[in-house]
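Visitor: What follows is a structure written as structure tokens; I'll ask about it next.
The values are calculated or read from the model by the stated rules, or taken from the named source; none is laboratory data. Since the model is a prediction, treat every value here as computed from it, not as a measurement. Positions of Cβ are backbone-derived with ideal geometry, glycine not excepted, and every protein chain shown enters the neighbour counts. Accessible surface areas use protein heavy atoms only, side chains included; no ligands, DNA or RNA. Shrake-Rupley method; radii C 1.70, N 1.55, O 1.52, S 1.80 Å.
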Amino acid sequence: MAERSQPFEAETILAALRRWVEIETPTGDVENMARLLDVVAADFAPLGASLERIPGREGMGDHLLVRLPWGSGPGILSVCHLDTVCPPGSVAMRRDGDRFHGPGIADMKAGGHLAFKAAEHLAGLVHQPKMPLTILYTSDEEIGSPTSRGIIERLARESRYALIAEPARRDEVITFRKGRAKYRLDVEGREAHAGSAHANGRSAISEIARQIVELDKLTDYATGTTINVGEIGGGTTPNVVAGHAFCTIDARFSTTGAGAMIENAISSVRPIGCDVTITASGEIEKPCLERTAAGLMLFGLARSIAHEQGIGLIETSSGGGSDGNFTSAVGTPTLDGLGAIGNEWHSPNEYIVVSALPRRAELLKRMFTDLE
């Protein structure tokens, strides 16, 4: 039985969380991200944590690596992003009964703060956990983690488990996330007058249309593979055969093998029409967070902890990615969706459920203590 500490209190958590949310940090706002990381570091400092500020690059903010002062050997990694999506000022902070609205409050500042609150409670125990706890706060998850991915993967390989405090819509956790890839096709044809020299032209738009028909054939709902051509463009004026055209592609897949199939199909694309060239660019941005036996073991522990609180915790899946996709792909058992309960993230109505904050903090704290 884990050592007991004072229970979490919803309004206390919310008051402290608001300090993090009030500093708006859309991806790429280096100055405000620095201000927020100063606050986060100051919160952790009294716990005796080792704090490492990892300088930002490529126009992104810094990252903050926090190592709590207990345990030895491979431990637990929690990855929490602090960047948000909505433009500053577009989401009003407000209370509506049991809901509190704010920019990025659910996705995922509340989850990052719950990880802090859990660590704060553990730091006050006489008998602290045996497993080390590392928390990484990142600044670029909402655009695919381009500058933090390598750090996440390195830390995950050094860790025994990864717990990701992304938001949940109810009492649930996430055991599976689809992988995601983004691509672009560029076609070069031959311009010609559409009236007097149409036969001399080679329409890049016609070629991109033929390619899209073939791409659509890769969608397989039975296996969870989807291809979405979300943007097309090309040509100059109606009376000129189009010399250039392009399309952008979003691909989602449920297994590593399906991702490899899509990658091979798009990277090896060839012209269908005559006298045109086609170039493919892009890559798999996030591999799958696959539903594995190790992940289900973590879910089983989380469910038993929730049961002690009288909560029926369920597992769910998501078509969207998170940094948990990276930790899982390198082989580290991963459980996601451990953050605050809320909904409507990435919108002006994003909110968390205030009364659920204590039980989600308790769930994280017990996962940190009970894993071995």
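Visitor: Ratio of Rg to Rh for region 37-149, alpha carbon only, Kirkwood?
Guide: So for region 37-149, dividing Rg by the Kirkwood Rh gives 1.00.
Visitor: For the chain, give the magnitude of the charge dipole about the Cα centre (Cβ charges: +1 Lys/Arg, -1 Asp/Glu; no others), in debye to the nearest 20. Show your work: numbers first, answer last.
Guide: Values: 37 positive and 48 negative charges, 114 e Å.
For this selection, approximately 540 debye.
Visitor: Take the chain, connect every pair of alpha-carbon atoms lying under 10 Å apart with a spring to form a Gaussian network, then pick out the residue of W70, W345, W20 with the largest mean-square fluctuation.
Guide: Result: W70 has the largest fluctuation of those listed.
Visitor: Right, something else. What do you get for GluC sites (Glu not before Pro) in region 1-105 restricted to DSSP loop and a cutoff of at most 14 other Cβ within 10 Å of the site's Cβ?
Guide: On the way: sites: E3, E9, E11, E22, E24, E31, E52, E58; in loops: E3, E9, E22, E24, E58.
Qualifying residues, ordered by number: E3, E9, E22, E58.
Visitor: Which residue, N325, N349, N239, tops the fluctuation ranking in a GNM of the chain built on C-alpha contacts under 10 Å?
Guide: Among N325, N349, N239, the largest mean-square fluctuation in the Gaussian network model of the chain belongs to N239.
Visitor: Working out 0.36 nm times the residue gap between V30 and D98, then minus their Cα-Cα distance, what length gain in nm do you get to one decimal? Display every interim value, and only then the final one.
Guide: Working: separation 68, 0.36 × 68 = 24.48 nm, distance 3.25 nm.
Stretched fully, the V30-D98 segment lengthens by 21.2 nm.
Visitor: Picking from G59, S267, G339, whose Cα lies most toward the positive end of the charge dipole for the chain (charges on Cβ: Lys, Arg +1; Asp, Glu -1)?
Guide: My answer, from the dipole projection, is G339.
Visitor: Using a 1.4 Å probe, what is the accessible area per residue for the chain, in Å²?
Guide: Working: 15720 Å² over 372 residues.
So the chain comes to 42 Å² accessible per residue, rounded to a whole number.
Visitor: Taking 0.36 nm per residue of sequence separation and subtracting the Cα-Cα distance, how much length would be gained by fully extending the chain between R291 and T248, in nm to one decimal?
Guide: Length gained between R291 and T248: 12.6 nm.
Visitor: In addition: Heavy-atom accessible area of H101 with all protein chains present, probe 1.4 Å, nearest 10 Å²?
Guide: 10
Visitor: Let me ask something else about it. Hey, can you grab everything whose amide H is under 5 Å from the amide H of T84? Only 5+ residues off in sequence or another chain; H modelled, so Pro and N-termini drop out.
Guide: The answer is T25, T27.
Visitor: Rounded, prolate or oblate for region 111-159? Axes are the square roots of the Cα gyration tensor eigenvalues, ordered a ≥ b ≥ c, and the cut-off for rounded is a/c under 1.5. Please list the in-between numbers first.
Guide: Values: a/c = 5.04, a/b = 1.80, b/c = 2.80.
It comes out oblate by the Cα gyration axes.
Visitor: At 7 Å along the Cα-to-beta-carbon direction for both D38 and E22, put a label point, then send me their distance in nm to one decimal.
Guide: 1.4
Visitor: Then there is this: Looking at the square roots a ≥ b ≥ c of the eigenvalues of the Cα gyration tensor of region 152-261, which shape do they give, rounded for a/c under 1.5, prolate if a/b is larger than b/c, or oblate?
Guide: On the way: a/c = 3.42, a/b = 3.01, b/c = 1.14.
It is prolate, given that a/c is not under 1.5 and a/b is the larger ratio.
Visitor: Nothing charged except the Cβ atoms of Lys and Arg (+1) and of Asp and Glu (-1): what's the magnitude of the dipole of region 179-290 about its Cα centre? Round to the nearest 20 debye.
Guide: 80
Visitor: Quick check on region 140-212: take the gyration tensor over C-alpha atoms, sort the square-rooted eigenvalues as a ≥ b ≥ c, and tell me if it's rounded (a/c under 1.5), prolate or oblate. The partial results should precede the final answer.
Guide: Details: a/c = 5.00, a/b = 3.01, b/c = 1.66.
Prolate, because a/c is 1.5 or more and a/b exceeds b/c.
Visitor: Next up: Looking only at T334, T225, T236, which one moves most when the chain is put into a Gaussian network model with springs between Cα atoms under 10 Å?
Guide: Taking springs between Cα atoms under 10 Å, the residue moving most is T236.
Visitor: Next question, about the same structure. If eta is 1.567 mPa s and T is 4 °C, what Stokes-Einstein diffusion coefficient results for the chain, Kirkwood Rh from Cα pairs, in µm²/s?
Guide: Numbers: Rh = 22.2 Å.
Answer, rounded: 58 µm²/s.
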